[in-house]
Amino acid sequence: MFGLTRARRTAAAVAFGAAAAALPTAPSAVAAPRPVVGGTPTTTAEYPFVMQITDATGGQFCGGTLVAPTKVVTAAHCVVGETTGNVRVVGGRTHLSGTDGTVGEVSRIWFDPGYTDAVNGGDVAVLTLAKPMPYATAAYVSPTGTGVYAPGMTGRVLGWGTTGKNGGSSDQLRMAMVPVVSDPECRDSYGSDFVASDMVCAGYPSGGVDTCQGDSGGPLLIGGVLAGITSWGNGCAEAGQPGVYTRLASFSSLVTEQVLT
Ligand code: ARG
C-alpha cells in the first residue's frame, strides 16, 4: 500500500523538508492545496501549553504539549534518533519567525520502548527540560479515557505545520476542530496500519481540515484535556483519510511515570 506520512524519518528530515520523498504519491485527482490545520490562526497566549520542538538552530520540526513545568509530551517519531543536545523546546512563541518566549534545553528524552517503527508501538515521547517553563500546563487524559474517544466528540488540534499539500509551514500557530472518527471507520481507511489500542482518528468524512507535516507531536485536545498526539495520515485533509493520533489514554500511566521521574 502507499507509504503513510508517518514514515521512518528522522526529525531532521522532517525539519528540512526532505520528508517529501517519504510522502505518498498523492492521488492525481486531488486538486489545489487546501488549508489543513484549516481552522484559524491563534496564539500561545490562548494556548500557553503548546510548544515548538526545534533543532539547535531554532528550526521547528514538531509540536509538543507542556504537561508539567519541565515535561513536554510529543511524538516518538519526532525525537527518535535525536540527542538532548540537538533538540530545544520553545514556549510562548506564536510565530516561527519570533524571538519571544522561552527556549528550553532538554535534559532527557524518553519514548515508548514499544515504539519501533512507523506503525508499531506508541508514538509518544516525553522530553524533560533542564529548567521549568513559565507557562500554564495542560492536563492529560487518564488511563481509562472514559468517553473521551467517543465518535463525534470534538477534538482541537494545534500546530505550525503545513497549511496545504506541498505547502510550507505556517508562521503563526493555527488551531482547528476535527471530530473523532470511530475505530471501525478508521480501520476502513487504513486497514491494519490502524491499531485501535494505540491510535485514534479524527477528521471529517469529506476531509478539508486536518493536521499535516510539521504538526506531529502536537496536541489533540478533547474535552479540554490532552487526549492525542499528532502522528500520521495518508496525505493531509483528504476525504476518507482522517488524521491519526496517538491514543494517549493507552500511554497515560507511562507518561505519568515520566512526569514523576
Ligand atoms: N507525520 C506528520 C509530522 O511529522 C504529521 C502528519 C499528520 N497527518 C495527517 N494527515 N493528519 O508532522
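The values are calculated or read from the model by the stated rules, or taken from the named source; none is laboratory data. Every value quoted in this text rests on a predicted model; they were computed, and no experiment measured them. A quick note on method: Cβ atoms are made from the backbone with ideal geometry, for glycine too, and the neighbour counts reach across all protein chains shown.
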- Residues of region 68-88 being under 10 Å from the mean Cα position of the chain (by Cα) and among the polar types (S, T, N, Q), in sequence order, are 74
- Note on the structure: The condition of being in contact with a strand residue (DSSP E or B) (Cβ under 7 Å, 6 or more places away or on another chain) and more than 21 Å from residue 68 (Cα to Cα) holds, among 169, 182, 206, only for 169
- Item | Lone qualifier among 167, 159, 101 - being crowded, with 22+ Cβ neighbours inside 10 Å, among the small types (Gly, Ala, Ser) and out of contact with any Phe, Trp or Tyr (no Cβ under 8 Å at 6 or more places or on another chain) | 159
- Would you say residue 37 is modelled with pLDDT of 95 or more, under 22 Å from residue 200 (Cα atoms) and either assigned to a loop (DSSP other than H, G, I, E, B) or more than 14 Å from the ligand (Cβ to nearest atom) (or both)? no
- Query: When residues of region 45-71 are filtered for being surrounded by 20 or more Cβ atoms within 10 Å (Cβ to Cβ) and within 16 Å of the ligand (Cβ to nearest atom), how many remain?
  - Reply: 11
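When you look at residue 74, is it surrounded by 17 or more Cβ atoms within 10 Å (Cβ to Cβ), closer than 16 Å to residue 257 by Cα and within 14 Å of the ligand (Cβ to nearest atom), yes or no? Spell out the reasoning first.
Details: surrounded by 17 or more Cβ atoms within 10 Å (Cβ to Cβ): yes; closer than 16 Å to residue 257 by Cα: yes; within 14 Å of the ligand (Cβ to nearest atom): yes.
The answer is yes for residue 74.
Is region 182-192 home to any residue that is modelled with pLDDT under 95, surrounded by fewer than 21 Cβ atoms within 10 Å (Cβ to Cβ) and not in a strand (DSSP E or B)? Before you say what the answer is, go through the steps one by one.
Step one: list which residues in region 182-192 are modelled with pLDDT under 95, which gives 192.
The next check asks that each one be surrounded by fewer than 21 Cβ atoms within 10 Å (Cβ to Cβ); those that pass are 192.
From what is left, the residues that are not in a strand (DSSP E or B) are 192.
Scanning region 182-192 turns up at least one residue that is modelled with pLDDT under 95, surrounded by fewer than 21 Cβ atoms within 10 Å (Cβ to Cβ) and not in a strand (DSSP E or B).
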- Query: Quick one: which of 206, 216 is assigned to a loop (DSSP other than H, G, I, E, B) and within 16 Å of the chain's Cα centre (by Cα)?
  - Reply: 216
- Message: For residue 209, only one of the following conditions fails: (1) more than 12 Å from the ligand (Cβ to nearest atom); (2) under 14 Å from residue 180 (Cβ atoms). What is its number?
- Response: (1)
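Before we move on, is residue 219 out of contact with any Asp or Glu (no Cβ under 6 Å at 6 or more places or on another chain) and more than 25 Å from residue 71 (Cα to Cα)? It would help to see each step written out before you state the result.
Details: out of contact with any Asp or Glu (no Cβ under 6 Å at 6 or more places or on another chain): yes; more than 25 Å from residue 71 (Cα to Cα): no.
For residue 219, the condition - out of contact with any Asp or Glu (no Cβ under 6 Å at 6 or more places or on another chain) and more than 25 Å from residue 71 (Cα to Cα) - is not met.
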- Task: Take region 223-242 and flag every residue that is within 16 Å of residue 112 (Cβ to Cβ) and either within 7 Å of the ligand (Cβ to nearest atom) or crowded, with 24+ Cβ neighbours inside 10 Å (or both).
- Result: 228, 229, 230, 231, 232
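Filter region 85-129 for residues that are among the aliphatic types (A, V, I, L, M) and over 22 Å from residue 254 (Cβ atoms) and give the result. If you could, list the steps in order and put the result at the bottom.
Within region 85-129, the first condition is being among the aliphatic types (A, V, I, L, M), and the residues that meet it are 87, 89-90, 96, 103, 106, 109, 118-119, 124-127, 129.
Correct list: 90, 96, 103.
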- Message: Any residue at all in region 165-187 that's within 12 Å of the ligand (Cβ to nearest atom), in contact (Cβ under 8 Å) with a residue 24 or more places away in the chain and touching a helix residue (DSSP H, G or I) at 6+ places or on another chain (Cβ under 9 Å)?
- Response: yes
- Report, ordered by the first and then the second residue, all pairs with beta carbons closer than 8 Å, sequence separation of six or more or different chains, a first member in region 237-259 that is under 10 Å from residue 126 (Cα atoms), and a second member that is basic (Lys, Arg) and not in a loop (DSSP other than H, G, I, E, B). 258/71; 259/71
- Message: Can you pull out every residue in region 116-155 that is at pLDDT below 95, within 18 Å of the chain's Cα centre (by Cα) and either closer than 21 Å to residue 86 by Cα or surrounded by fewer than 15 Cβ atoms within 10 Å (Cβ to Cβ) (or both)?
- Response: 116, 117, 120
- Task: Within region 193-203, track down each residue that is away from the ligand (no atom under 11 Å from the Cβ), touching a Gly at 6+ places or on another chain (Cβ under 9 Å) and outside any loop (DSSP other than H, G, I, E, B).
- Result: 199, 200
- Item | Members of region 120-148 that are of a type outside the set (A, V, I, L, M) and touching a Phe, Trp or Tyr at 6+ places or on another chain (Cβ under 7 Å) | 121, 122, 123, 135, 137
